[in-house]
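Following: one structure in structure tokens, then a few remarks.
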Ligand code: NAD
């Protein structure tokens with residue numbers, strides 16, 4: 001068991017005066033406590049925001065090269081620890097080791113990428129007729145609240161803290177209560193590398209901490225990744241003068257046209273639907289397939305689903321780790337039971353819940369067909385490996401199904417028809433469009449964000465310019481020498 005060092009506030013690792021804490025257990029073995037973290041309240045948020053609001057200017061005043069150097073140094077620390085972190089990540093969150101290694105590789109890469117952004121905070125000049133100079137000048141927004149989910153507990157915070165710090169902001173970071181250890185590891189690396197106490201605070205806890213951050217009048221920007229339910233509450237609670245960026249849930253569909261290579265389509269679906277045990281925001285939860293190839297495609301995907309090696313992600317040969325916690329498990333069971341009562345047919349597997357000795361939130365990749373596009377399984381985010389097959393006869397019907405949910409995160413198409421592929425990008429109302437690729441998986445330097453209820457659609461993450469626009473204020477200066 002690891003007792004965490006506590007919150008990081010005003011340069012000290014501290015525990016709340018209340019002494020309250022919560023345990024995080026290993027999802028592959030819920031008897032094993034992985035970490036004990038402080039259960040903080042609005043009091044700790046007040047201390048953290050107050051200190052950062054007062055002191056972050058010192059970080060902003062540093063040369064951009066100096067801020068960049070610190071982020072690169074943090075990246076080196078995390079790269080050196082990558083293997084150790086991957087093992088801890090599996091124990092805390094429940095991925096397979098291979099999936100965790102992708103994340104522990106990507107996280108330092110993110111910090112290196114954002115380090116460069118410190119040097120690219122450029123402005124523009126505008127022509128005038130009177131000899132004066134008109135130009136824009138970028139500066140940090142001030143205190144940024146970063147609230148993050150558990151499914152990428154290093155990667156997602158690194159792509160928020162990295163650019164926010166590169167721009168010279170102070171950040172108060174609230175990691176998910178499901179993965180507090182990963183939150184600590186990221187902050188330890190940044191602090192060891194030289195991020196000063198006035199520029200970074202970490203407050204562990206649950207919804208109460210997030211709510212206090214969102215309501216705090218010294219927070220100037222909120223960056224959130226998580227569920228649409230929580231994101232919508234944050235949007236409603238944030239003051240009108242606070243900048244908000246929300247990346248939220250998805251109900252991502254993959255369309256398979258009749259001309260598709262079914263082997264390729266099967267591999268694309270398996271990666272999208274079953275990677276990270278179905279717990280990726282951009283994962284595939286709906287397959288919309290042309291009726292003429294539906295039965296054969298379904299047979300092949302079911303075969304892959306049945307072949308999954310479910311188990312503890314640290315065990316050799318395991319390809320499919322547990323769900324993250326009991327909440328995820330209950331949600332999975334609820335949707336699986338509800339699907340059959342709404343007329344869907346269970347295709348695979350025979351037993352959806354895997355029950356190995358020692359417990360653990362193990363389920364199997366699960367497939368339904370005859371799913372009605374209006375049913376809960378087709379409309380709501382399950383965030384678990386439950387795949388809904390729906391059939392169509394004409395391309396326009398497929399588009400109607402893809403766009404027929406409140407979400408707009410990612411959509412994919414498998415086809416050899418270039419014309420349809422180009423048209424698809426225009427026809428779908430999603431922020432990510434994939435052609436002959438899984439709905440999940442992203443380039444770290446390309447814009448990322450959803451549409452509709454998947455995002456505030458305000459500022460894209462990841463890409464240099466739009467992301468730095470979120471973390472900076474732009475002043476227009478009129479200057480007569
Ligand atoms: P969640 O919304 O339950 O929690 C996210 C964070 O918000 C946590 O830190 C949580 O403690 C905090 N929180 C909870 N209630 C709050 C409140 N009232 N006010 C402020 N903060 C509050 O999400 P989760 O279960 O951690 O993550 C899964 C969800 O995240 C899925 O819906 C998934 O699609 C989404 N997600 C989206 C993206 C994306 O980029 N679009 C990426 C990863 C995950």
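Which number in (1) touching a strand residue (DSSP E or B) at 6+ places or on another chain (Cβ under 8 Å); (2) away from the ligand (no atom under 16 Å from the Cβ) marks the one condition that residue 267 misses?
All conditions are met except number (1).
Which numbered condition in (1) free of Cβ contacts under 8 Å to residues at least 24 places away in the same chain; (2) more than 17 Å from residue 294 (Cα to Cα); (3) not in a strand (DSSP E or B) is the only one that residue 437 fails?
(1)
Scan the range 422-436 for residues that are surrounded by 17 or more Cβ atoms within 10 Å (Cβ to Cβ) and closer than 20 Å to residue 259 by Cβ and report the count.
5
From 481, 373, grab the single residue that is closer than 26 Å to residue 305 by Cβ and away from the ligand (no atom under 16 Å from the Cβ).
Testing whether each residue is closer than 26 Å to residue 305 by Cβ and away from the ligand (no atom under 16 Å from the Cβ) leaves just 373.
For the range 223-246, how many residues are within 9 Å of the ligand (Cβ to nearest atom) and in contact with a helix residue (DSSP H, G or I) (Cβ under 8 Å, 6 or more places away or on another chain)?
Matching residues across the range 223-246 total 6.
Among the residues of the range 233-243, is any within 30 Å of residue 412 (Cβ to Cβ) and more than 19 Å from the chain's Cα centre (by Cα)?
No: zero hits.
With respect to residue 106, determine if the residue is surrounded by fewer than 23 Cβ atoms within 10 Å (Cβ to Cβ) and under 23 Å from the mean Cα position of the chain (by Cα).
It is true that residue 106 is surrounded by fewer than 23 Cβ atoms within 10 Å (Cβ to Cβ) and under 23 Å from the mean Cα position of the chain (by Cα).
Quick one: which residue in 413, 409 is buried (at least 17 other Cβ atoms within 10 Å of the Cβ) and over 20 Å from residue 276 (Cα atoms)?
Just a single option satisfies the conditions, and that option is 413.
Sort out which residues of the range 188-202 are part of a helix (DSSP H, G or I), in contact with a strand residue (DSSP E or B) (Cβ under 7 Å, 6 or more places away or on another chain) and buried (at least 24 other Cβ atoms within 10 Å of the Cβ), and write them in order of number.
190, 199
Assigned to a loop (DSSP other than H, G, I, E, B) and either more than 13 Å from the ligand (Cβ to nearest atom) or in contact with a strand residue (DSSP E or B) (Cβ under 8 Å, 6 or more places away or on another chain) (or both), is that true of residue 430?
yes
With respect to residue 453, is the statement that it is modelled with pLDDT of 95 or more, within 30 Å of residue 384 (Cβ to Cβ) and within 16 Å of the ligand (Cβ to nearest atom) true? Walk me through it before giving the result.
Values: modelled with pLDDT of 95 or more: yes; within 30 Å of residue 384 (Cβ to Cβ): yes; within 16 Å of the ligand (Cβ to nearest atom): yes.
Taking the combined requirement at face value, the residue satisfies it.
Can you tell me which residue within the range 276-291, out of those that are assigned to a helix (DSSP H, G or I) and in contact with a strand residue (DSSP E or B) (Cβ under 9 Å, 6 or more places away or on another chain), is nearest to the ligand (Cβ to nearest atom)?
Within the range 276-291, the first condition is being assigned to a helix (DSSP H, G or I), and the residues that meet it are 276-278, 291.
So of that shortlist, the ones also in contact with a strand residue (DSSP E or B) (Cβ under 9 Å, 6 or more places away or on another chain) come out as 277-278, 291.
Working: 277: 13, 278: 11, 291: 30 Å.
Among them, the one singled out is 278.
Quick one: in the range 247-261, of everything that is near the ligand (Cβ under 7 Å from one of its atoms) and out of contact with any helix residue (DSSP H, G or I) (no Cβ under 6 Å at 6 or more places or on another chain), which residue is nearest to residue 216 (Cα to Cα)?
247
More than 30 Å from residue 274 (Cβ to Cβ) and under 21 Å from the mean Cα position of the chain (by Cα) - does that describe any residue in the range 48-62?
no
Identify, please: which residue in the range 457-477 is surrounded by fewer than 20 Cβ atoms within 10 Å (Cβ to Cβ) and within 12 Å of the ligand (Cβ to nearest atom) and is, among those, farthest from residue 120 (Cα to Cα)?
Out of the qualifying residues, it is 457.
If we scan the range 115-126, do we find a residue that is touching a strand residue (DSSP E or B) at 6+ places or on another chain (Cβ under 8 Å), surrounded by 16 or more Cβ atoms within 10 Å (Cβ to Cβ), on the phi < 0 side of the Ramachandran plot and in a strand (DSSP E or B)? Write out each step before concluding.
Going residue by residue through the range 115-126, those that are touching a strand residue (DSSP E or B) at 6+ places or on another chain (Cβ under 8 Å) are 121-126.
Within this subset, residues satisfying the condition of being surrounded by 16 or more Cβ atoms within 10 Å (Cβ to Cβ) are 121.
Okay, now just the ones that are also on the phi < 0 side of the Ramachandran plot, so 121.
Imposing the further condition that a residue be in a strand (DSSP E or B) reduces the set to none.
Within the range 115-126, not a single residue is touching a strand residue (DSSP E or B) at 6+ places or on another chain (Cβ under 8 Å), surrounded by 16 or more Cβ atoms within 10 Å (Cβ to Cβ), on the phi < 0 side of the Ramachandran plot and in a strand (DSSP E or B).
Can you tell me which residue in the range 203-218 is nearest to the chain's Cα centre (by Cα), limited to those that are surrounded by fewer than 24 Cβ atoms within 10 Å (Cβ to Cβ), in a loop (DSSP other than H, G, I, E, B) and more than 8 Å from the ligand (Cβ to nearest atom)?
216
What are the residue pairs meeting all of these: first residue in the range 247-265, first residue without any contact (Cβ under 8 Å) to a residue 60 or more places away in the chain, second residue assigned to a helix (DSSP H, G or I) and away from the ligand (no atom under 16 Å from the Cβ), Cβ atoms under 7 Å, and 6 or more apart or on different chains?
258/292; 258/293; 262/293; 262/296; 262/297; 262/300
When you go through 86, 100 one by one, which is the residue that is closer than 29 Å to residue 2 by Cβ, within 16 Å of the ligand (Cβ to nearest atom) and in a helix (DSSP H, G or I)?
The unique qualifying residue is 100.
Can you tell me which of 53, 68 is outside any strand (DSSP E or B), touching a strand residue (DSSP E or B) at 6+ places or on another chain (Cβ under 6 Å) and under 14 Å from residue 169 (Cα atoms)?
Answer to the check: 53.
Given the conditions (1) assigned to a strand (DSSP E or B); (2) crowded, with 17+ Cβ neighbours inside 10 Å; (3) away from the ligand (no atom under 15 Å from the Cβ), and given that residue 401 satisfies all but one, which numbered condition is not satisfied?
Single failed check for residue 401: (1).
The values are calculated or read from the model by the stated rules, or taken from the named source; none is laboratory data. Not measured: the values here are computed from a predicted model. Counting neighbours? That spans all protein chains shown, and the Cβs are built from the backbone with ideal geometry, glycine included.
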